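The values are calculated or read from the model by the stated rules, or taken from the named source; none is laboratory data. Keep in mind that this is a model prediction, so the values were computed, not measured. Please note: Cβ atoms are built from the backbone with ideal geometry, for glycine as well, and neighbour counts cover all protein chains shown. With ligands, DNA and RNA removed, areas are computed over all heavy atoms of the protein, side chains included. Shrake-Rupley method; radii C 1.70, N 1.55, O 1.52, S 1.80 Å.
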Amino acid sequence: MALNHDVYIHNLFGNEDTALQTVKESIQKKGMPSISVQPEVGRFLSILVSIKKPRNVMEIGALGGYSGIMLAGALENEGSLTSLELEDSYAAVAKDNLTKAGLGDKVKYVIGPALQNMESLLSAGQQYDFFFIDADKVNYPNYLEMALKLAVPGAVIVADNTLQGDRVFDENVKEDNVEAIRTFNNMMANDDRIESIMLPLCDGLTVGRVKP
Ligand SMILES: C[S@@+](CC[C@H](N)C(=O)[O-])C[C@H]1O[C@@H](n2cnc3c(N)ncnc32)[C@H](O)[C@@H]1O
């Protein structure tokens, strides 16, 4: 691999503990896609949660529990993680991995299309102070709208893969996923309800704080 800032950062901060290695092994064993967050992104999530000290974290897209471990592992005693996942079998793997990591009592999985479940959680009066968006890219703008409804003032919203392999700023790319991420990033940059920034970490992270 040619040395560039990604490799340099990965070499310094890309190490994984046993719990995270277990997630990757279980994903491989079950034939699930290898699309967990990069270790550097996981580390960043963990640091953000440690600083913010949220009570109610919402994760959209659980897969095998990699980001779930980084989020739940950084929570204080009373904090909890609600993880939205389309696939029942993936959520079962994630739950097993968080349990092995000693975090089983910190997480609740909500199975099915995330948008629909966010609507139900909103109707039930649930609120969240930290969101991690990492599911189907076409729905990122919808997830952001729903997150803003479910958010308490000061809530943090983080979304992964917002550079889409640098295709977001290639005007020739018209794929639905990329167009949706462009819309999402524009919303994060320009919506008066949130102050945000984009970080070129791994495949891009857009991070915002809901204005009080
Ligand atoms: C990139 S993976 C999540 C990786 C995970 N955040 C991690 O780093 O460990 C995306 C996940 O979103 C889920 N997903 C896709 N569409 C969804 C939807 N409409 N509602 C809920 N989850 C969805 C997929 O099944 C997959 O597990």
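What number results when the radius of gyration of the chain, computed over Cα atoms, is divided by 2.2 N^0.38 Å?
Numbers: Rg = 16.3 Å, N = 212, 2.2 N^0.38 = 16.8 Å.
Scaled against compact globular proteins, the figure is 0.97.
Where the accessible area of the chain is counted over protein heavy atoms with a 1.4 Å probe, how much of it, in %, is carbon and sulfur? Before the final figure, lay out each step's value.
Numbers: 5300 of 10490 Å².
Percent of accessible area from carbon and sulfur atoms in the chain: 51.
Checking the table LYS24/LYS137; LYS52/LYS174; LYS53/LYS174 against a 29 Å threshold on Cα-Cα, which pairs fail? Each step should come with its number before you reach the end.
Values: LYS24/LYS137 22 Å; LYS52/LYS174 36 Å; LYS53/LYS174 39 Å.
Cα-Cα > 29 Å for LYS52/LYS174; LYS53/LYS174; rest within.
Which residues make up the longest stretch of the chain that has no trypsin sites (Lys or Arg not before Pro) in a DSSP loop with at most 16 other Cβ atoms within 10 Å?
On the way: sites that count: LYS30, ARG55, LYS174, ARG193.
Longest site-free region, per DSSP loop and neighbour criteria: 56-173.
How big is the charge dipole of the chain about its Cα centre, in debye rounded to the nearest 20, if each Lys and Arg gets +1 on its Cβ and each Asp and Glu gets -1 on its Cβ? Provide the component values of the computation, followed by the final result.
Numbers: 19 positive and 29 negative charges, 106 e Å.
In debye, rounded to 20, the chain gives about 520.
For the range 90-126 and the range 16-69, compute the distance between their C-alpha centroids and round to whole Å.
13 Å
Over all directions, how big on average is the projection of the convex hull of the alpha-carbon atoms in the range 77-194, in square nanometres?
Details: hull surface 33.9 nm².
Averaged projected area of the range 77-194's Cα convex hull equals 8.5 nm².
I need the fraction of alpha carbon pairs in the range 132-212 separated by more than 22 Å, rounded to a whole percent. Before the final figure, lay out the partial values.
Values: 549 of 3240 pairs.
That tail contains 17 percent of the Cα-Cα pairs.
By accessible area of protein heavy atoms, probe 1.4 Å, what ranking do LEU122, LEU201 get, highest first?
Working: LEU122 55, LEU201 35 Å².
Largest accessible area first, the residues go LEU122, LEU201.
Taking a virtual spin label 7 Å from the Cα of ASP166 along the C-beta vector, which residues in the range 4-29 bring their backbone nitrogen under 18 Å of it?
4-10
Once label points are set 7 Å from the Cα along Cα→Cβ at both ASP191 and ASP105, what is their separation, rounded to one decimal in nm?
Distance between label points: 3.5 nm.
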